[in-house]
Amino acid sequence: MNHISRLTAVVLMLAASLAQAQSNTLGRNLAATCANCHGTNGQARGDSKPLAGVSAEKITAALADYKSGAQPAMIMHQIAKGYTDDQIKLIAAFFAAQPAKQ
Amino acid sequence: MNSKLSNVSRRRVLGAGLAAMAAAPMMGCANLGAGPSIGRVVIVGGGFGGATAARYLRLWGGNVDVTLVERSASFVSCPISNLVLGGHKQMSDITVSYAGLEAAGVKRIQGEVVAIDPQAKEVRLADGRKLPYDRVIVSPGVDFMLDQIGGLAAPAAQEKFLHSWKAGPQTVALRAQLEAMRDGGVYALAIPKAPYRCPPGPYERACMVASYFKQFKPKSKVLVLDANPEITSKKGLFEKAFADHYKGIIEYRANNELKSVDAATGTGKLEFDDIKADVFNVVPPQRAGDIARTAGLVNMNSRWVGVNWLTMESTAVPGIHVLGDATFSAPMMPKSGHMANQHAKVAAAAIIELLKGQPVSAAPVVMNTCFSFVTARDVIHVASVHQYDDKDKTFKTVPGSGGVSAAASQVGGRAALAWAANIWADSLAS
């Protein structure tokens with residue numbers, strides 16, 4: 001590996017880790033908008049549905065169904081329509097990575 | 001939970017640190033994990049906004065030195081307080097301790113802030129203490145424009161015409177007035193012109209007081225005197241609730257603005273009418289809380305605080321971030337505890353980035369869910385999602401999203417109580 005390609009590798013690694021950190025932070029911030037009903041980090045209390053530790057596929061699919069109307073709801077069909085598909089992916093990845101129990 | 005979370009954030013910090021080390025191998029390993037504080041943040045006001053900011057600065061920031069100054073000994077929730085007025089809940093049900101925040105590493109001072117000095121970067125307390133800060137958060141809620149209603153500035157009038165628009169002693173006092181009222185009496189509720197804290201709150205209150213009368217004082221009346229041209233939130237749903245459950249009990253009058261009160265006779269004067277009531281509940285017009293005015297933050301309509309929505313920083317005084325009801329609301333953004341909690345998370349994320357010298361997240365989202373009880377069990381809601389619009393530098397609701405309930409329901413009632421439990425726990429780490 002010559003100097004330039006080594007430098008390129010370092011720069012790419014830095015850029016990738018920076019991008020990862022930024023999307024982690026964005027996912028964390030977006031998921032925090034759900035906490036008022038679903039608990040801090042998705043660790044819900046009472047009758048609310050916990051989201052912590054639920055697989056990203058499951059959360060993404062549920063929100064897509066609320067959005068399309070395939071899954072009727074009291075309120076989630078109205079809320080899901082406020083988020084883009086990219087935002088939903090970040091939210092789902094964040095909750096999937098949280099421990100299910102406090 | 002906290003230890004697991006800080007492991008996650010430490011891992012993230014470690015990842016970033018390793019990348020930095022790859023680029024600059026001579027930099028060394030300083031400040032991985034428990035290092036010195038990244039900054040001092042003083043928070044003025046421990047309502048939904050201030051408490052949530054304190055919690056999330058600790059949760060997300062790691063080593064942020066957070067001091068919360070609040071005059072009350074414990075948190076009392078405005079949401080659900082109308083159920084206390086209706087006799088369906090007790091004060092203990094809506095009171096939450098600050099112990100959870102303290103356990104999360106927040107220093108709490110029970111006291112009164114009298115000044116904020118942005119040059120010295122210091123918050124001053126009534127007892128003479130001075131708290132230095134790198135960033136300060138002001139979450140002052142609302143105070144009342146008593147001069148807008150003739151006679152209300154007199155202390156005797158404020159004792160008689162309770163607002164109960166801040167949960168706490170006034171909630172207890174109004175409940176006592178309702179309990180002492182004779183059957184066949186009149187409870188009048190004066191609603192100010194929008195904007196005010198909690199748009200659907202007055203109509204929920206009318207329902208809750210009516211639900212109490214219906215069961216225990218069936219000859220009594222609820223008279224709603226609304227300064228607005230119509231019900232300001234969930235209109236159709238409230239009209240249906242008034243008709244379905246409280247026919248003959250609730251009388252709603254639009255465009256009835258209270259002009260003055262007379263404590264001696266318990267009378268309120270409208271433009272063309274004098275109203276005498278046994279219990280007269282006056283919610284006065286509102287503005288940003290006093291400390292916002294003292295600190296020179298009020299720069300919108302002489303009432304509210306303009307903020308940069310990416311950081312919640314005041315547009316009047318740099319270094320001071322303002323949350324909740326006190327802000328000049330973005331279009332369609334309600335003044336609610338839920339929204340104050342959401343503002344706090346935007347501010348916490350931005351302040352951590354600012355303290356670390358990192359760029360601030362450019363695409364924040366906030367959302368609101370608001371439940372109103374129309375009976376002890378049946379609930380209606382309104383929800384909205386607000387995305388930041390980079391062109392207009394404000395939050396905007398997403399077309400096609402949000403809306404109100406199809407109908408009042410007990411499913412909604414269970415969701416409302418679950419919401420309360422979760423938002424209290426989220427805001428206060430309880």
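List of remarks:
- Distant-in-sequence amide contacts of B:Thr394, defined by a placed amide H-H separation under 5 Å and a gap of 5 or more residues or a different chain, comprise B:Asp389.
- Shielding by partners, peptide B:46-57 (average Cβ within 10 angstrom, other chains): 1
- Here the 3J(HN,Hα) profile of the stretch A:69-81, calculated from phi with Karplus coefficients 6.51, -1.76 and 1.60 at θ = phi - 60°, is x, 4, 10, x, 8, 6, 9, 5, 5, 6, 7, 4, 5 Hz, Gly and Pro shown as x.
- log10 of Debye I(q)/I(0), alpha-carbon scatterers only, for the stretch A:26-96 at 0.13, 0.25 Å⁻¹: -0.31, -1.23
- Once the convex hull of all Cα atoms in the stretch B:218-340 is built, its volume per residue stands at 152 Å³.
- For a paramagnetic label modelled on B:Asp273 (point 7 Å from Cα along Cα→Cβ), amide N atoms under 17 Å away belong, within the stretch B:193-207, to B:193, B:203, B:206.
- When A:Asp86, B:Asp117 are arranged by Cβ crowding within 10 Å, least crowded first, meaning fewest neighbours, the order is A:Asp86, B:Asp117.
- Calculated [θ] (222 nm, deg cm²/dmol) that DSSP helices of n ≥ 4 give over chain A, each run adding -39,500 (n - 2.57): -20000 deg cm²/dmol
- Close amide H contacts of B:Ile109 (hydrogens built in the peptide plane, cut-off under 5 Å, sequence separation of 5 or more or a different chain): B:Leu68, B:Val69, B:Glu70.
- Under Karplus coefficients 6.51, -1.76 and 1.60, residue-wise ³J(HN,Hα) of the stretch B:261-278 in Hz, glycine/proline x: 10, 10, 5, 4, 10, x, 9, x, 9, 9, 4, 10, 9, 10, 10, 10, 9, 6
- Average beta carbon contacts from partner chains per residue of A:51-58, 10 Å cutoff: 0
- Dimensions of the stretch B:148-286 from C-alpha coordinates, computed as largest minus smallest value along each principal axis and given longest first, are 39, 32, 32 Å.
- Its Kirkwood hydrodynamic radius, worked out from the mean inverse distance over all distinct Cα pairs, puts the stretch B:78-215 at 18.1 Å.
- Ordering of B:196-204, B:362-370 by packing [mean C-beta count within 10 Å, highest first]: B:196-204, B:362-370
- Projected label distance in nm at B:Asn308 and A:Gln71, using a 7 Å step from Cα toward the beta-carbon: 3.9
- Hydrodynamic radius by Kirkwood, which averages 1/r over all alpha carbon pairs of chain B, in angstrom: 22.8
- Where labels lie 7 Å past Cα in the beta-carbon direction, separation of B:Thr315 and B:Lys356 in nm: 2.9
- Kirkwood hydrodynamic radius of the protein assembly as shown, Cα pairs, Å: 24.4
- Quarter of Cα convex hull surface for the stretch B:291-370, i.e. mean projection, nm²: 5.3
- Across B:Val69, B:Val41, B:Val360, mean-square fluctuation computed from a Gaussian network of chain B (C-alpha pairs under 10 Å connected) peaks at B:Val360.
- Relative to the longest principal axis of the Cα atoms of chain B, the long axis of helix B:410-428 makes an angle of roughly 40 degrees.
- Computed 3J(HN,Hα) for the stretch B:300-317, one whole-Hz value per residue from the Karplus formula 6.51 cos²θ - 1.76 cosθ + 1.60 where θ = phi - 60°, is 10, 6, 6, 10, 10, 10, x, 10, 7, 5, 6, 10, 6, 6, 4, 7, 9, 10, glycine and proline marked x.
- Averaged over the residues of A:19-31, the number of partner chain Cβ atoms lying within 10 Å of the residue Cβ comes to 4.
- Helix B:48-61 axis, angle to chain B major axis (alpha carbon atoms, nearest 10°): 20
- With a simple spin-label model that places each label point 7 Å from the Cα along the Cα-to-Cβ direction, the separation between B:Ala103 and B:Arg71 comes to 2.9 nm.
- Angle of helix B:2-23 to the longest C-alpha principal axis of chain B, folded into 0 to 90 degrees and rounded to 10: 40°.
- For B:Phe48, B:Phe75, the sequence from fewest to most other C-beta atoms within 10 Å is B:Phe75, B:Phe48.
- Each residue in A:Lys101, B:Lys269 was given a count of other beta-carbon atoms within 10 angstrom of its own, and listing them fewest first yields A:Lys101, B:Lys269.
A short reminder: the numbers here are calculations on the coordinates, not readings from a lab. Fair warning: this is a prediction, and the values are worked out from it, not measured in the lab. No Cβ is skipped: glycine too gets one built from the backbone with ideal geometry, and neighbour counts run over all protein chains shown.
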